[in-house]
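Following: one structure in structure tokens, then a few remarks.
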Number of protein chains: 2
Amino acid sequence: MNPASIVRVTFKQQMLQAREEAIVKTVNRLLAEKGFEAMTVDEVAAQVGIAKASLYKHFASKEALAVAAMLRVIRLMQDFIQALPAEAPALENLRAVVRWTLEAQLAADMPSLPNPNSSLRATLVANQDYMAGVRVLRDRLSTWIAAAQAAGALNPTLPAIAILYTFYVRACDPGLAFLRMDGLYQDEQIVDMVMCTCFDGVNAR
Amino acid sequence: MNPASIVRVTFKQQMLQAREEAIVKTVNRLLAEKGFEAMTVDEVAAQVGIAKASLYKHFASKEALAVAAMLRVIRLMQDFIQALPAEAPALENLRAVVRWTLEAQLAADMPSLPNPNSSLRATLVANQDYMAGVRVLRDRLSTWIAAAQAAGALNPTLPAIAILYTFYVRACDPGLAFLRMDGLYQDEQIVDMVMCTCFDGVNAR
DNA sequence: GTCTATATCCCGATAGAC
DNA sequence: GTCTATCGGGATATAGAC
């Protein structure tokens, strides 16, 4: 195999990867906008600009598309967490992560989480890469939550898992979309308000 | 028309109403468990114990089924609010309403809210009864929210509409299902934890 | 009004040429 | 790998007998 052919193969692979990335991004947006059940494969193909049959050369099923989109978000989130200062207070890092998920949601870049009884959920929990990614995220956040509780920054009477789920659910909180629909507030204000209700609650202080 | 025939008609109407109530309750539970898209009309008919064609004699479409279920929940909620003491502090009544929605959700009696871009949403906003019911609820709760803010019980820096949406979204918060799946807590504890994160937030106080 | 049986459509997935 | 064309299953909705 001569150098030229190697370059050619690499180029092809780059094209392949770029196309798959375009597919996954489109899936991501559609999952954010409509959810898994309402998203159709024809729609994905049309928005990517390829034939549906071509999609199935890249991904074996509609579920596989969704898994790829979820994996992408998990990796993006891991990258974001990786870039956070390890020496910063745990609460600050947690706030940064939650804010990141809210902004991603407003950017239509956060797939709506599968309902506990969704058909997609079974596929996800059966996927080792997905579960491994979730585990890494969960462990990292749980460590920060415990640290923030010990430091007196987060409510120590709440189980850490309850706080984790509170953050997790925020990532697809439909309240942001409702606030945006009203048209009274800028995206930044919406994020601030939800950050406030999440961490401070609605009670006066 | 003699008395006997009147009784007979009334009896028939009662049977009709009872059957429709059974249908709507079943729809309610299925909407709570799986959501609108995943619910099938065949499923509804099977669980009610009648033929699918008979369903369509009562309700014109799958959307009509969902609308009836949503209307039922709105009326139940209105009844609950009606029975609350008018002289109680606004915050107490608001807490009672939110708790009611959480308990209804755990009882699989709270339809999962339509996503902002759901096909169901268009049907709902086009329905005058539904919109009127929502308006009544919204006005009542908004009044209490404003009163609680004025009394220094709820955060006055948050827009009342943001607080309202915070409560609204809690009615289908998937966090309850996740906590229940973990099996570590009783339903009552789960409700208490979500009440805490909702009103007090996750921060320490 | 209730049933069985069926029409009709949509969607996920595939066949096969290029 | 990409395309057009199509299959097969499942879901909503209806026809027509009783």
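Matching residues to (1) within 15 Å of the chain's Cα centre (by Cα); (2) among the hydroxyl-bearing types (S, T, Y):
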position: B:V136; (1), (2): yes, no
position: B:T143; (1), (2): no, yes
position: B:A146; (1), (2): no, no
position: B:A150; (1), (2): no, no
position: B:T157; (1), (2): no, yes
position: B:A162; (1), (2): no, no
position: B:Y165; (1), (2): yes, yes
position: B:C172; (1), (2): yes, no
position: B:M181; (1), (2): no, no
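Looking at A:Q17 and the list (1) over 15 Å from A:D109 (Cα atoms); (2) touching an Asp or Glu at 6+ places or on another chain (Cβ under 9 Å), which single condition is not satisfied?
(2) is the only condition that A:Q17 fails.
Scan segment A:35-76 for residues that are more than 13 Å from DNA strand D (Cβ to nearest atom), over 19 Å from A:D129 (Cα atoms) and assigned to a helix (DSSP H, G or I) and jot them down.
Hit for segment A:35-76 is A:E43, nothing else.
Checking A:V73 against (1) closer than 30 Å to B:F36 by Cβ; (2) more than 16 Å from DNA strand C (Cβ to nearest atom); (3) modelled with pLDDT under 95, which single condition isn't satisfied?
It is condition (3) that A:V73 fails.
Filter segment A:14-49 down to the residues that are within 9 Å of DNA strand C (Cβ to nearest atom) and within 22 Å of B:S112 (Cβ to Cβ) and list them by number.
A:F36, A:E37, A:A38, A:M39, A:T40
Go through segment A:135-171 and report how many residues are β-branched (V, I, T) and either more than 23 Å from B:C172 (Cβ to Cβ) or surrounded by fewer than 17 Cβ atoms within 10 Å (Cβ to Cβ) (or both).
Adding up the residues that qualify gives 4.
Just need a number here: residues in segment A:29-54 that are crowded, with 19+ Cβ neighbours inside 10 Å and over 18 Å from the mean Cα position of the chain (by Cα).
Matching residues across segment A:29-54 total 2.
Just the residues that are charged (D, E, K, R) and farther than 13 Å from B:N203 by Cα, please, taken from segment A:150-205.
Those that are charged (D, E, K, R) and farther than 13 Å from B:N203 by Cα: A:R170, A:D173, A:R180, A:D182, A:D187, A:E188, A:D192.
Within segment B:139-149, is even one residue facing chain A (nearest Cβ under 7 Å) and either among the acidic types (D, E) or without any contact (Cβ under 8 Å) to a residue 40 or more places away in the chain (or both)?
Taking every residue of segment B:139-149 in turn, none turns out to be facing chain A (nearest Cβ under 7 Å) and either among the acidic types (D, E) or without any contact (Cβ under 8 Å) to a residue 40 or more places away in the chain (or both).
Return the residues of segment A:164-205 that are within 23 Å of A:G35 (Cα to Cα) and at the interface with chain B (Cβ under 7 Å from one of its Cβ atoms); say none if nothing qualifies.
The answer is A:Y165, A:T166, A:V169, A:D173, A:P174, A:G175, A:A177, A:F178, A:L179, A:M181, A:D182.
Being surrounded by 19 or more Cβ atoms within 10 Å (Cβ to Cβ), within 13 Å of chain A (Cβ to nearest Cβ) and not small (G, A, S) is the filter here; which residues of segment B:111-128 pass it?
B:P111, B:L113, B:P114, B:N115, B:L120
Taking segment A:50-67 only, how many residues are under 19 Å from A:P111 (Cα atoms) and near DNA strand C (Cβ under 9 Å from one of its atoms)?
If we filter segment A:50-67 for residues that are under 19 Å from A:P111 (Cα atoms), which is where we start, we get A:59, A:61-67.
Filter again for near DNA strand C (Cβ under 9 Å from one of its atoms), leaving A:59, A:61-65.
Residues in segment A:50-67 being under 19 Å from A:P111 (Cα atoms) and near DNA strand C (Cβ under 9 Å from one of its atoms): 6 in total.
Just to be sure before I move on: is B:A86 closer than 30 Å to B:D200 by Cβ, away from DNA strand C (no atom under 16 Å from the Cβ) and surrounded by 19 or more Cβ atoms within 10 Å (Cβ to Cβ) in the structure I sent?
Details: closer than 30 Å to B:D200 by Cβ: yes; away from DNA strand C (no atom under 16 Å from the Cβ): yes; surrounded by 19 or more Cβ atoms within 10 Å (Cβ to Cβ): no.
It is false that B:A86 is closer than 30 Å to B:D200 by Cβ, away from DNA strand C (no atom under 16 Å from the Cβ) and surrounded by 19 or more Cβ atoms within 10 Å (Cβ to Cβ).
Where the second residue is among the hydrophobic types (A, V, I, L, M, F, W, C) and more than 13 Å from DNA strand D (Cβ to nearest atom) and the first is farther than 15 Å from A:A68 by Cα and more than 12 Å from every other protein chain (Cβ to nearest Cβ) and lies in segment A:29-53, which pairs have Cβ atoms under 7 Å and are six or more apart or on separate chains?
A:E43/A:L30
Would you point out the residue of segment A:58-83, among those that are under 10 Å from the mean Cα position of the chain (by Cα) and crowded, with 19+ Cβ neighbours inside 10 Å, that is nearest to A:F199 (Cα to Cα)?
Checking each candidate, the answer is A:M77.
Can you tell me which residues in segment A:121-134 are part of a helix (DSSP H, G or I) and of a type outside the set (D, E, K, R)?
The answer is A:A122, A:T123, A:L124, A:V125, A:Q128, A:Y130, A:M131, A:A132, A:G133, A:V134.
The values are calculated or read from the model by the stated rules, or taken from the named source; none is laboratory data. These figures come from a predicted structure and were not determined experimentally. Every residue, glycine among them, receives a Cβ derived from its backbone with ideal geometry; neighbour counts consider all protein chains shown.
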